[in-house]
Amino acid sequence: MKTPSRYIDLTTDYGFKRVFGTDVNKDLLIDFLNELFQGKKVIKDLTYNKNEQQGDTAEQGLVIFDLTCTSEDDSQFIIEVQRSKQNYFKERTIYYGSKLISDQAPKGSVNGWNYAITEVYVIAIMDGFHFSDSKEYLHDICLFNQKTGQKFYDRLAFIYIELLNFNKPETVLESDLDKWLFVLKNMARLDKLPTFLKKPVFQKLFQIAEYSNLNKGEKQMYDVSLKRKWDEYAVREYWETEGMQKGIEKGIEKGIQKGIQETQRKNALNMLNLGLSLEIISKSVDLPIDEIKKLCSL
């Protein structure tokens with residue numbers, strides 16, 4: 001196994017949970033979310049409703065934070081933050097967003113309930129796979145009218161962060177959101193706190209994320225989480241390469257088959273011109289009589 005870098009990888013299950021998943025570090029998550037909302041929402045406090053890692057294997061594991069957020073105007077809304085894996089990705093985020101809504105219904109009879117649904121946001125941080133063919137790294141998705149382009153419902157939204165598409169170097173980071181995304185993607189490659197990250201929240205982040213500050217048990221948990229991530233990458237890379245190779249082989253096979261069929265038709269036409277019977281041509285070029293009849297009309 002590779003030697004861990006100075007700072008832990010924030011896109012591992014353990015790294016993500018350590019930095020964003022505890023009350024003592026919720027100021028980091030609040031800062032990140034406020035930069036992500038870019039003024040649409042301003043969070044002053046949040047409460048962890050659930051903070052769990054589901055499943056014991058790389059295929060099942062999924063870090064989820066279910067949060068109740070309080071904005072500056074004292075209104076409340078729900079956010080689910082997850083470090084997503086690829087399997088059934090869109091379906092899973094739709095499911096979790098829908099569940100956050102359905103969980104707001106009173107237990108038992110809903111008679112008398114006025115469907116006063118709290119706003120729900122699902123935020124997914126994607127590492128190692130693409131969300132779509134788009135080159136955008138930030139996708140803000142909501143329900144809208146396809147004909148008019150107007151927003152249909154503004155209390156349910158999905159924000160997807162596609163780290164593979166975030167390729168800004170240090171010299172062109174324009175906002176604190178850029179800096180957060182740069183850190184999420186690159187922290188494990190850094191060997192010191194960059195000068196452009198002198199904001200106190202980033203100083204705290206780097207201190208928490210320093211591998212040497214972990215105790216023995218924490219290091220073991222992180223090492224397992226890091227190995228799991230590398231294993232995931234290795235498996236994904238294998239299947240992508242295997243799939244590409246199979247595609248090439250299938251294309252070659254299809255091309256060869258097409259060439260054989262063209263040769264069969266050409267030979268059949270030549271035999272028709274010589275006045276040979278359909279039965280003889282069919283047996284000679286291995287084509288059905290019906291297909292040879294179609295050649296007669298060309």
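When residue 196 is tested against (1) open to solvent by 40 Å² or more (accessible area, probe 1.4 Å); (2) modelled with pLDDT under 90, just one condition goes unmet, and that condition is (2). Contact map, the range 174-191: residues that are within 17 Å of residue 27 (Cα to Cα) paired with residues that are open to solvent by less than 10 Å² (accessible area, probe 1.4 Å) and among the β-branched types (Val, Ile, Thr), Cβ distance under 9 Å, separation 6+ or inter-chain. Pairs shown: 181/161; 184/11; 184/125; 184/161. Pick from the range 129-156 the residues that are without any contact (Cβ under 8 Å) to a residue 12 or more places away in the chain and in a strand (DSSP E or B): which of them is most open to solvent (accessible area, probe 1.4 Å)? Checking each candidate, the answer is 152.
For the structure I just gave you, tell me whether residue 159 is closer than 30 Å to residue 183 by Cβ, out of contact with any Phe, Trp or Tyr (no Cβ under 6 Å at 6 or more places or on another chain), open to solvent by less than 80 Å² (accessible area, probe 1.4 Å) and in a strand (DSSP E or B). Full working, then the answer.
Values: closer than 30 Å to residue 183 by Cβ: yes; out of contact with any Phe, Trp or Tyr (no Cβ under 6 Å at 6 or more places or on another chain): yes; open to solvent by less than 80 Å² (accessible area, probe 1.4 Å): yes; in a strand (DSSP E or B): yes.
For residue 159, the condition - closer than 30 Å to residue 183 by Cβ, out of contact with any Phe, Trp or Tyr (no Cβ under 6 Å at 6 or more places or on another chain), open to solvent by less than 80 Å² (accessible area, probe 1.4 Å) and in a strand (DSSP E or B) - is met.
Could you list, in sequence order, all residues of the range 99-116 that are open to solvent by 60 Å² or more (accessible area, probe 1.4 Å) and outside any loop (DSSP other than H, G, I, E, B)? Hits for the range 99-116 are 99, 102.
Restricting attention to the range 19-32, the residues that are more than 12 Å from residue 83 (Cβ to Cβ) and either among the charged types (D, E, K, R) or not in a helix (DSSP H, G or I) (or both) total 5.
Just checking, which of 74, 27, 56 is open to solvent by 60 Å² or more (accessible area, probe 1.4 Å) and at pLDDT 90 or above?
Working: 74 fails: at pLDDT 90 or above; 56 fails: at pLDDT 90 or above.
Just a single option satisfies the conditions, and that option is 27.
Of the residues making up the range 85-100, those that are at pLDDT below 85 and among the polar types (S, T, N, Q) are 86, 87.
Taking the stated definitions as given, is residue 66 within 26 Å of residue 42 (Cα to Cα) and exposed (fewer than 14 other Cβ atoms within 10 Å of the Cβ)? Working first, answer last.
On the way: within 26 Å of residue 42 (Cα to Cα): yes; exposed (fewer than 14 other Cβ atoms within 10 Å of the Cβ): no.
Considered against the rule, which asks whether it is within 26 Å of residue 42 (Cα to Cα) and exposed (fewer than 14 other Cβ atoms within 10 Å of the Cβ), residue 66 comes out as no.
Every residue in the range 214-230 that is open to solvent by less than 80 Å² (accessible area, probe 1.4 Å) and of a type outside the set (A, V, I, L, M, F, W, C), please.
We begin by selecting, within the range 214-230, every residue open to solvent by less than 80 Å² (accessible area, probe 1.4 Å); these are 214, 217-219, 222-223, 225-226, 228-230.
Once the filter is applied, which keeps residues that are open to solvent by less than 80 Å² (accessible area, probe 1.4 Å) and of a type outside the set (A, V, I, L, M, F, W, C), the range 214-230 yields 217, 218, 219, 222, 223, 225, 228, 229.
The values are calculated or read from the model by the stated rules, or taken from the named source; none is laboratory data. Not measured: the values here are computed from a predicted model. Glycine gets a Cβ as well: all are built from the backbone with ideal geometry, and neighbour counts include every protein chain shown. When the accessible area is computed, the model is the full protein with side chains, heavy atoms only, and any ligands, DNA or RNA have been set aside. Shrake-Rupley method; radii C 1.70, N 1.55, O 1.52, S 1.80 Å.
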